[in-house]
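Undergrad: Quick one: structure below, then a few questions.
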Amino acid sequence: MAAATLKLGAGAAYWGDAVEPAVELVRHADISYLGVDLLAELTMALLQRQRLRDPSRGWIEDLVPYLDRVWPPAADRGIRIVTNGGGANPRAAAEAVCARAGDRGWPRLRLGVVEGDDVTDRIDGWRRDGLRLGNLDTGEPDLDRIAGRVVSATAYLGSEGIVEALAQGADLVLTGRCSDNALFVGPMMHEFGWSFDDPDWDRLGAAVIVGHLLECGACATGGMSSQFATVERPWEIGFPIAEVAESGEAVITKLPGSGGMVNRWTVKEQLVYEIHDPARYLMPDAVADFTEVELAEEGPDRVRVSGMRGRPRPDTLKALIGYRDGWIAEGLVVVPWPDANGRAEFARRLFEERLSVAGVDPLELRVDRLGVNSLHGVAAPAAPADPAEICLRFAVHTATRAGAEAARREITHVWGLGAAGTAFGSPMRPREVIALWPTLVPRDAVQPQVRVSMLEAGR
């Protein structure tokens, strides 16, 4: 029998998010599932770089200490966890989780591992078959320019593998790259008995929207809010909970007594976060329609969400192709009053001339003024006539490591050859750039590769 109301909690929004709100949820909240989102596109690039250096890495290693704190109370209360902490290497993550479970004597754990998002070894075949894999951001029609530098490719899976793992009895579902909201769509489909064989696209669209409201954690409860000055105890913020009916309608709330707040504005802020066309929010599980969503406050920290619609899921999946794209050198220099603007301009010119003397030919050069234009660029208003100080960030993208090393040395010369009063921090060591090429791949070419395996660990 399907659940009348399903209660889902958000356990994280990114790698490094606060752990305490998740611990409070599994200890005290009346929830059945905790969705733990630990990935971002930048995170995947970092993990791919780790895996290239060491085949046993490339997953979110904070996941193990996270589960040290979250899994025992979750197990005691029968709460199941779904996370994408497997990153670029879910199999290695699963082995580490099992080892820790044995070492620490965790409560018994049935672990479902969802793979199949790694499509690196399929790129060449797709290209031979005529698939051009154009860049969604730049509009480049095919990836010929980077074909020899590809190091990884991952497709955004939907909830199929999660649903299958839950049906097999998994207590913890560990995935690689899937859509963030799939961590919540999967439990809804499992508990309500929804299926892609006979889909109700309005309900699936609603599930995507509810998942979207949860996937960024505290962003629905007052984090990153325009109302930051009125948020209660943000240092003890509670992560959101969704109480979902089988119709797809939901109430967004949080644990009573926790910090933060839930009102129409906090929910609206998350609702419109990172969506392009509100009538066609393209996700692997459905195309969600936000245009008729209604929000109603029905009590303190309780907002009802209704009116969600959906349409059939796309025939393609988004994929991110990682490729080697040179090296980067970065460093900071601070120039003081008086005439800080003049000193900053002198520092910029000095650095550019020194790069030329050193024979460095950057692929890209950025000189940002932190506190002035580093966020808004040319759209930033004019700087004050003579600020007390200006912090300059130099970033040099080069084709070679040697070029980045030379650029790094020249950042220090802005101090030694610069205006009186100039200060600097030791420039960071150059690092290789793994750039991302967003594209679309046929769903049918990826879906059959989803694999679920069950491992058992703990006492």
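The values are calculated or read from the model by the stated rules, or taken from the named source; none is laboratory data. Everything quoted here is computed from the prediction, not taken from an experiment. Cβ atoms come from the backbone with ideal geometry, glycine included; neighbour counts cover every protein chain shown. In case anyone asks, the SASA skips ligands and DNA or RNA and just uses the protein heavy atoms, side chains included. Shrake-Rupley method; radii C 1.70, N 1.55, O 1.52, S 1.80 Å.
Undergrad: For Gly326, only one of the following conditions fails: (1) open to solvent by less than 40 Å² (accessible area, probe 1.4 Å); (2) more than 27 Å from the chain's Cα centre (by Cα). What is its number?
TA: Status for Gly326: all satisfied but (2).
Undergrad: Let me ask something else about it. In the stretch 176-223, which residue that is part of a helix (DSSP H, G or I) and charged (D, E, K, R) is nearest to Lys7 (Cα to Cα)?
TA: Filtering the stretch 176-223 for residues part of a helix (DSSP H, G or I) gives 182-192, 201-215, 217-220.
Narrowing the set further to residues that are charged (D, E, K, R) leaves 191, 202-203, 215.
Working: Glu191: 11, Asp202: 20, Arg203: 16, Glu215: 14 Å.
Per the stated criteria, the residue is Glu191.
Undergrad: Condition check: farther than 26 Å from Asp325 by Cα, surrounded by 14 or more Cβ atoms within 10 Å (Cβ to Cβ) and not hydrophobic (A, V, I, L, M, F, W, C). Does Pro387 satisfy that?
TA: Yes.
Undergrad: Those residues that are modelled with pLDDT of 85 or more and of a type in the set (Gly, Ala, Ser), I need them from the stretch 412-444; list them, please.
TA: Across the stretch 412-444, the qualifying residues are Gly416, Gly418, Ala419, Ala420, Gly421, Ala423, Ala435.
Undergrad: Separate question: Looking for whichever is within 29 Å of Thr138 (Cβ to Cβ), of a type outside the set (Phe, Trp, Tyr) and in contact with a helix residue (DSSP H, G or I) (Cβ under 8 Å, 6 or more places away or on another chain) here; the options are Thr422, Thr398, Thr439. Which one fits? Lay out the reasoning, then the answer.
TA: On the way: Thr422 fails: within 29 Å of Thr138 (Cβ to Cβ); Thr439 fails: in contact with a helix residue (DSSP H, G or I) (Cβ under 8 Å, 6 or more places away or on another chain).
After ruling out the rest, the residue left standing is Thr398.
Undergrad: Condition test on Gly307, is it exposed (fewer than 14 other Cβ atoms within 10 Å of the Cβ) and at pLDDT 95 or above?
TA: So Gly307 does not fit the description; no.
Undergrad: Please name all residue pairs, on different chains or six or more residues apart, with Cβ atoms under 7 Å, provided the first residue is in the stretch 155-176 and is charged (D, E, K, R) and the second residue is open to solvent by less than 10 Å² (accessible area, probe 1.4 Å) and not in a helix (DSSP H, G or I).
TA: Taking only residues 6 or more apart or on different chains, the pairs are Asp171/Leu109.
Undergrad: State whether one or more residues within the stretch 357-372 are touching a strand residue (DSSP E or B) at 6+ places or on another chain (Cβ under 8 Å), part of a helix (DSSP H, G or I) and open to solvent by 70 Å² or more (accessible area, probe 1.4 Å).
TA: The answer is no; no qualifying residue exists.
Undergrad: To continue, here is another question. I'd like the full set of residues that are open to solvent by 10 Å² or more (accessible area, probe 1.4 Å) and under 21 Å from the mean Cα position of the chain (by Cα), limited to the stretch 242-268.
TA: Listed by number, the list holds a single entry, Lys268.
Undergrad: Return the residues of the stretch 341-373 that are at pLDDT below 95 and touching an Asp or Glu at 6+ places or on another chain (Cβ under 8 Å); say none if nothing qualifies.
TA: Correct list: Asn341 only.
Undergrad: Hey, another quick one. Taking the condition of being open to solvent by 30 Å² or more (accessible area, probe 1.4 Å) and either in contact with a Ser or Thr (Cβ under 7 Å, 6 or more places away or on another chain) or not in a strand (DSSP E or B) (or both), how many residues in the stretch 280-292 meet it? Quick ask: steps written out before the conclusion?
TA: Step one: list which residues in the stretch 280-292 are open to solvent by 30 Å² or more (accessible area, probe 1.4 Å), which gives 280, 282-283, 291-292.
Now drop any that are not either in contact with a Ser or Thr (Cβ under 7 Å, 6 or more places away or on another chain) or not in a strand (DSSP E or B) (or both), which leaves 280, 283, 291-292.
So the answer is 4.
Undergrad: Of the residues Leu67, Leu52, Leu8, Leu39, only one is buried (at least 16 other Cβ atoms within 10 Å of the Cβ) and under 18 Å from Ala220 (Cβ atoms); which?
TA: Leu8
Undergrad: From the list Asp368, Asp386, Asp361, which one is of a type outside the set (Lys, Arg) and within 32 Å of the chain's Cα centre (by Cα)?
TA: Asp368
Undergrad: If a residue has to be over 20 Å from Val173 (Cα atoms), charged (D, E, K, R) and either touching an Asp or Glu at 6+ places or on another chain (Cβ under 8 Å) or part of a helix (DSSP H, G or I) (or both) to count, how many in the stretch 36-69 make the cut?
TA: Total satisfying the criteria: 4.
Undergrad: Restricting attention to the stretch 188-195, does a residue exist that is of a type in the set (Ser, Thr, Tyr) and open to solvent by less than 10 Å² (accessible area, probe 1.4 Å)?
TA: no
Undergrad: Given the residues Val305, Val367, Val287, which is the only one that is of a type in the set (Val, Ile, Thr) and out of contact with any Leu (no Cβ under 7 Å at 6 or more places or on another chain)?
TA: Sole residue among the options that is of a type in the set (Val, Ile, Thr) and out of contact with any Leu (no Cβ under 7 Å at 6 or more places or on another chain): Val287.
Undergrad: Output the residue which, of all residues in the stretch 98-126 that are closer than 18 Å to Leu172 by Cβ and among the hydrophobic types (A, V, I, L, M, F, W, C), is surrounded by the most Cβ atoms within 10 Å (Cβ to Cβ).
TA: If we take residues in the stretch 98-126 being closer than 18 Å to Leu172 by Cβ and among the hydrophobic types (A, V, I, L, M, F, W, C), then Val114 is surrounded by the most Cβ atoms within 10 Å (Cβ to Cβ).
Undergrad: Residues in the stretch 253-272: is at least one in contact with a helix residue (DSSP H, G or I) (Cβ under 7 Å, 6 or more places away or on another chain) and part of a strand (DSSP E or B)?
TA: yes
Undergrad: Restricting to the stretch 329-347, what's the tally of residues that are open to solvent by 70 Å² or more (accessible area, probe 1.4 Å) and touching a strand residue (DSSP E or B) at 6+ places or on another chain (Cβ under 7 Å)?
TA: The total comes to 2.
Undergrad: Between a residue in the stretch 224-248 that is free of Cβ contacts under 8 Å to residues at least 24 places away in the same chain and outside any loop (DSSP other than H, G, I, E, B) and any residue that is open to solvent by 60 Å² or more (accessible area, probe 1.4 Å) and of a type in the set (S, T, N, Q), which pairs come within a Cβ distance under 8 Å, given they are 6 or more apart or on different chains?
TA: That search, which allows pairs on different chains as well, returns nothing.
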